[in-house]
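Read through the structure below, which is laid out as structure tokens, and then see the notes.
The values are calculated or read from the model by the stated rules, or taken from the named source; none is laboratory data. Everything numeric here is computed off the predicted structure, so don't read it as measured data. Here Cβ is always computed from backbone atoms with ideal geometry, including for glycine, and neighbour counts include all displayed protein chains. Surface accessibility is based on the protein's heavy atoms, side chains included, excluding ligands, DNA and RNA. Shrake-Rupley method; radii C 1.70, N 1.55, O 1.52, S 1.80 Å.
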Amino acid sequence: IRGSFTFACWAKLNHLPSTVAHAPQYNLCGARISTKDSMQIIVTANNKVSLQFEGDNDDNLNTTTDDVIFDAIDVYKHIAVTVTKNGGGNTGVIIYVNGLAVATTDIGALTEANHNGYTSTQPLYIGGTSINAGTGLTGSMDGCIYDFAIWSETLTAANILKAYNTGVAFDLTADDGN
């Protein structure tokens, strides 16, 4: 997570967070070593998708979709998040839903130094995130996630659309002759 990366998955919810009494957030994935170093992709209490990224207890980058993404249960959505570490500049984020960019941040508060400051010895959890120093799991996903994939680079918009249209995970960086 110290450089550029992409996360992608198919997800559906059994219950919308906004319809649950205590309005939880559901983590599609997350890693947290302490209150100062965390990375989470969540479905918010108002059914939007958000990336929360913080390095070295400094500035927190929070990119959230403007529109509700999960508006019905039992409907799969393809979620992809690209994070671009810009040398000498701020970290850029694009959230894609069903192959289309729906939220971007390239002037966020997370500088290159803050991005470099992120460290974690905790595992990356799929469908939840670790509580500080790995003492438990929080934000457990109430639904299904499949074809979760991580790339150590920022995928292009064309590759995100290709993953959505294909419907399965595959090596998007391979030369397929096109």
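In region 60-77, what residues are assigned to a strand (DSSP E or B), open to solvent by 10 Å² or more (accessible area, probe 1.4 Å) and not β-branched (Val, Ile, Thr)? Within region 60-77, 60, 62, 77 meet the criteria. Once region 117-148 is narrowed to residues that are among the polar types (S, T, N, Q) and assigned to a strand (DSSP E or B), the residue that is modelled with the lowest pLDDT is 130.
Just a yes or no: is a residue in region 154-165 at pLDDT below 90, open to solvent by 60 Å² or more (accessible area, probe 1.4 Å), among the β-branched types (Val, Ile, Thr) and not in a helix (DSSP H, G or I)? Looking for residues that are at pLDDT below 90, open to solvent by 60 Å² or more (accessible area, probe 1.4 Å), among the β-branched types (Val, Ile, Thr) and not in a helix (DSSP H, G or I), one finds none in region 154-165, hence no.
Residue-level check: of (1) at pLDDT below 85; (2) open to solvent by less than 10 Å² (accessible area, probe 1.4 Å); (3) not hydrophobic (A, V, I, L, M, F, W, C), residue 34 misses just (2). Candidates in region 91-116 are the residues that are open to solvent by less than 40 Å² (accessible area, probe 1.4 Å), part of a loop (DSSP other than H, G, I, E, B) and more than 25 Å from residue 70 (Cβ to Cβ); of these, the one that is modelled with the highest pLDDT is 91.
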